[in-house]
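The values are calculated or read from the model by the stated rules, or taken from the named source; none is laboratory data. If you're wondering where the values come from, they're calculated on a predicted model, not measured in any experiment. Every residue, glycine among them, receives a Cβ derived from its backbone with ideal geometry; neighbour counts consider all protein chains shown. The area values use the complete protein model at the heavy-atom level, side chains included, leaving out ligands, DNA and RNA. Shrake-Rupley method; radii C 1.70, N 1.55, O 1.52, S 1.80 Å.
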Amino acid sequence: MKILRINMSTDEPTVKVEDLGEYEGLAGRALTSAIISKEVDPLCHPLSADNKIVFACGLLGGTAAAMSGRLSVGCKSPLTGGIKEANAGGQAGQVMGRLGYAAIVLEGKPKGDDTYKIYINKDGVRVIKDNSIKMLPNYDLIEKIKQEFGEKIACISVGPAGEMKMSAASVAVTDMELRPTRHAGRGGVGAVMGSKGVKVIVLDDAGTTIRQPKDPEAFKDANKRFVAGLQKHPVTGQGLPAYGTNVLTNIINEVGAYPTYNFKEGRFAGARKISGEVEAELEKQRGGNPTHGCHRGCVIRCSGIYHDKDGHYLTKQPEYETVWALGGNCGIDDLDKIAMMDFLCDNYGVDTIEMGATIGVAMEAGLLKFGDADGAINLLHEVGKGTHLGRIIGNGAAFTGKAFGVERVPVVKGQALPAYDPRAVQGVGVTYATSPMGADHTAGYSIALNVLKTGGFVDPLKPEGQVDLSRNLQIATAFIDSTGMCLFIAFALLDQPETNQALLDMINSFYGWSMTDKEVVEYGKKVLKFERDFNARAGFTKQHDRLPRFFYKEPFPPHNVVFMVKDEELDQLFNW
Amino acid sequence: MKVIVKLFGGLTTLKDFQKTEEGDIIFETSEPLTLGDLITSLSLNKKPFIIILNGIIQNELSVSLKDGDEISLFPPIAGGK
């Protein structure tokens, strides 16, 4: 596997292909975080030529391993000012792996404002100036790219928000139907790609083959056991395929942890109307599909297809966090309107979590009323158009809170909190506070043990045990994010030691390694160390590992609790 | 004693119960009732895995119920983005 470096600073962008060298053994998040930590000046402006954006497939990217298609996107984040790894499904991770690239790194910055597309196939790399694609929304862009390059490709692209370098801009990845629906959403990675003048990377794996393991028989056997384990587990084998991630709406609402009206209350009266159960039924009735994989080789199939009232494709099945952010958090209980907002976010290229939290802050500011779905849709159009108001909203919750003088702004390190209130689920509060990524549920998904009872149970309403829980999950997640595996495999891994072993056997038989659980922990710690080290050099201190003060002061109904994990305990998270 | 039971995630009862406007089960009994008794009496299609009593996750089936309690039941489920 090689590293492909494209420097955009020169009139004719330069292309270099290098061996992995000092990065040998690293992939996915481990590779993006290592490259950013070692090569990027932590004090650089995130939109400057000194920043880099790295796209990396996982250890098993491009192999026959099930679930191995995740793509890591890393850079210095314009939203947080710290290191960022945002992660997406879709086809690009696998195609990159088959093309033989462990990472694609965009470096430098063009002097003018020309727009480029990059085409990569087995024969090499072409960087093509094309100003006709400038400012196209993602769906229109991909239609145009299809006409030029055919349909057997995978694309990584930015919408207008990325080109306008908004801090909430996402990087879109195409799915199995070649739609730009899977996004590396968080931290403004789209703005960094936009700053490089690159609108789209087209990956064409025609004429390539899957990567071959060192021990094919052992690999095949391990993959078989791994898939059987996922299919046997009730979460990955039944719950997620049937209802998708939005199955969480009802349960998080019932436990009183569903942040509503900009994190004021833990229950939303309209929750059932926008739940996964209702969403799946609606999709079936309208000819959509509630059970669908976001990339080839997915056996969990938690994604889906959402049709409008007339039975036409509207968007992919909005995920739980999207339905919460643009729905419940804003007091909106209309699934069709939420689905429209999901489409707009994908099309303009912005993070749905950041946008929902931002609109919640705008509602708190009185810019529009809670529950005003059409007003929220209009705000997203403002973002797409790049009006002055749109540029405020498109820069996220913290920026919007400042612009409108709002005190209650739910962010950590400048990044908006996702769909679980840290007062009612204290473990995820620890993750939000301490993750090098800013508030990010996926960095250490304590909900698994605090609420869903996979891998054990830790009382969500008490501070005890949450730091240990979050630490263990953050370490394990840093490893999983480096394998290219979908994080949802963790549910089966937590409960079934044999499935965990099957994953290790798969990696070991592929590379000829003899990795044990102990080395998995060391691998995860190494990734977190790269990230913490970068953030420390960027100026982050332990005072940045805190939640906004209102979470410590405002009791959260219905349980009327505040966040109770002490600062000194938070500071112990990385003392392993 | 009257308690309200909410079923989610594909859980259904095989019996006919009086329902609230939202479609939740109204379970009435004159006998003392534990959480375990209630779940047995509901004749559900699947065994509930996540049990929430008045908004709190409850792992102890021997807990006694009281008038007005709200119970939410789920099979094993999960999510995230």
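Side notes on the structure shown:
- Neighbours by Cβ (under 7 Å, 6+ apart or cross-chain): first from the range A:28-47, without any contact (Cβ under 8 Å) to a residue 24 or more places away in the chain; second surrounded by fewer than 19 Cβ atoms within 10 Å (Cβ to Cβ): A:Asp41/A:Asp50
- Considering residues of the range A:308-349 that are touching a residue at least 60 places away in the same chain (Cβ under 8 Å) and part of a strand (DSSP E or B) only, the residue farthest from the other protein chains (Cβ to nearest Cβ): A:Thr315
- Each residue in the range A:462-506 was checked for being open to solvent by less than 30 Å² (accessible area, probe 1.4 Å), more than 14 Å from chain B (Cβ to nearest Cβ) and part of a helix (DSSP H, G or I), and 15 of them qualify.
- Listed by position, the helices (runs of 4 or more DSSP H) enclosed by the range A:385-461 that each have at least 1 residues that are surrounded by 24 or more Cβ atoms within 10 Å (Cβ to Cβ) and within 11 Å of chain B (Cβ to nearest Cβ) are A:426-434, A:447-450.
- Flag if B:Glu21 is open to solvent by 50 Å² or more (accessible area, probe 1.4 Å) and over 12 Å from the mean Cα position of the chain (by Cα): yes
- Residue list for the range A:215-232, restricted to those being open to solvent by less than 10 Å² (accessible area, probe 1.4 Å) and either within 14 Å of chain B (Cβ to nearest Cβ) or within 23 Å of the chain's Cα centre (by Cα) (or both): A:Leu230
- Some residue of the range A:560-576 being open to solvent by 10 Å² or more (accessible area, probe 1.4 Å), within 14 Å of another protein chain (Cβ to nearest Cβ) and within 29 Å of A:Ala257 (Cα to Cα): yes
- When A:Asp351 is tested against (1) farther than 26 Å from A:Lys76 by Cβ; (2) touching a strand residue (DSSP E or B) at 6+ places or on another chain (Cβ under 9 Å); (3) among the acidic types (Asp, Glu), just one condition goes unmet, and that condition is (1).
- Residue identified as out of contact with any strand residue (DSSP E or B) (no Cβ under 6 Å at 6 or more places or on another chain), within 14 Å of chain B (Cβ to nearest Cβ) and surrounded by fewer than 24 Cβ atoms within 10 Å (Cβ to Cβ) among A:Gln212, A:Gln238: A:Gln238
- Residue that is surrounded by the fewest Cβ atoms within 10 Å (Cβ to Cβ) [pool: residues in the range A:241-252 that are within 9 Å of another protein chain (Cβ to nearest Cβ) and not β-branched (Val, Ile, Thr)]: A:Ala242
- Test: residue in the range A:350-370 that is assigned to a helix (DSSP H, G or I), of a type in the set (Asp, Glu) and open to solvent by less than 10 Å² (accessible area, probe 1.4 Å): yes
- The residues of the range A:243-265 that are within 21 Å of B:Val5 (Cβ to Cβ) and either touching a strand residue (DSSP E or B) at 6+ places or on another chain (Cβ under 6 Å) or among the hydrophobic types (A, V, I, L, M, F, W, C) (or both), listed by number, are A:Val247, A:Leu248, A:Ile251, A:Ile252, A:Glu254, A:Val255, A:Ala257.
To keep it simple, each residue is scored yes or no on (1) modelled with pLDDT under 95; (2) under 27 Å from A:His295 (Cα atoms).
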residue: A:Phe488; (1), (2): yes, yes
residue: A:Leu493; (1), (2): yes, yes
residue: A:Gln501; (1), (2): no, yes
residue: A:Met506; (1), (2): no, yes
residue: A:Thr516; (1), (2): no, no
residue: A:Val521; (1), (2): no, no
residue: A:Val527; (1), (2): no, yes
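- Sole exception among (1) over 23 Å from A:Arg296 (Cβ atoms); (2) open to solvent by 30 Å² or more (accessible area, probe 1.4 Å) for A:Ala206, by number: (1)
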